[in-house]
Amino acid sequence: MAPGQIVKVLVSIVVFLVVAIWLLAKLATSGFSVDAEVMTKEAVAARLKPVGESKASDAPPGMRTGEQVYKGICMSCHATGLAGSPKFGDAGVWAPHIAKGWDMLVDHALHGFNAMPAKGGATDLSDDEVKRAVAYMGNAAGAKFTEPPVGGAAGAAAAADPAVVGKKIYDSVCMACHAAGIAGAPKFGDKAAWAARLKPGMDEVVKIATKGLNAMPPKGGYTGSDAEFRAAIEYMVNNSK
């Protein structure tokens with residue numbers, strides 16, 4: 001065989017091998033293509049978000065309006081009438097529901113009804129936030145409900161609810177030390193440890209914790225309001241009695 005022919009054969013073999021390897025690689029990775037957009041930190045975090053945690057808005061817990069709760073939670077079903085839910089703004093569909101009255105609608109929203117779970121599945125919503133969403137959706141279909149106010153005495157009470165806000169702050173900040181009693185922190189659920197600290201009274205405990213004590217920084221490192229921080233302390237105390 002002439003040298004020129006040998007070169008051609010060798011080149012053909014190399015090309016064949018390259019193509020074969022490429023095809024095998026393509027076959028092995030089929031179905032595993034990665035979309036850069038869906039792999040961003042934000043997108044991954046959204047997919048990993050715990051079930052039951054609301055995405056209603058960036059407003060403080062307990063302070064979300066009916067519109068914010070609707071857009072963040074309720075519209076996933078009510079915007080299209082999914083699973084039999086009354087479609088937003090459809091007066092004809094909402095009429096029989098509105099006829100049942102405010103109390104019945106609120107009870108269904110808070111505790112669940114048919115395919116809808118309690119609080120639409122967003123268990124961290126306060127009762128007033130759910131009521132605001134009910135009023136917002138009902139009024140869009142012709143009702144004349146009054147949303148519980150955001151802010152003021154009623155709003156402040158909702159925002160500082162120990163069972164809602166306090167728990168959320170404990171889970172995200174306080175449990176780092178109080179779950180295991182690190183650095184002398186009274187352990188969550190330890191009745192004896194908390195009883196000793198509560199002898200001066202709750203106000204004094206909150207005052208000391210707000211300023212910081214020993215290894216604990218002011219507010220335990222929490223940067224929110226004093227009312228919210230107090231709710232976290234009350235949550236720990238209520239679960240340690």
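The values are calculated or read from the model by the stated rules, or taken from the named source; none is laboratory data. Owing to the predicted nature of the structure, the values given are computational and were not obtained by experimental measurement. Positions of Cβ are backbone-derived with ideal geometry, glycine not excepted, and every protein chain shown enters the neighbour counts. Ligands, DNA and RNA are excluded from the accessible area calculation, which covers all protein heavy atoms including side chains. Shrake-Rupley method; radii C 1.70, N 1.55, O 1.52, S 1.80 Å.
What to note about this one:
- Estimated dipole of region 60-150 in Debye, rounded to 20 [Cβ of Lys and Arg +1, of Asp and Glu -1, Cα centre]: 180
- Over all other residues within a Cβ to Cβ distance under 10 Å of Y136, the charged ones net out to +1, with Lys and Arg as +1 and Asp and Glu as -1.
- 15 Å beta-carbon shell around V173, net charge (K/R +1, D/E -1): 0
- Sequence ranges 67-74, 203-210, ranked by mean other-Cβ count within 10 angstrom, highest first: 67-74, 203-210
- 13 Å beta-carbon shell around A193, net charge (K/R +1, D/E -1): +4
- The Cα center of region 124-141 and the Cα center of region 173-205 differ in position by 36 Å.
- The listed residues M175, M137, M216 rank as M175, M216, M137 when sorted by accessible area, largest first, using a 1.4 Å probe.
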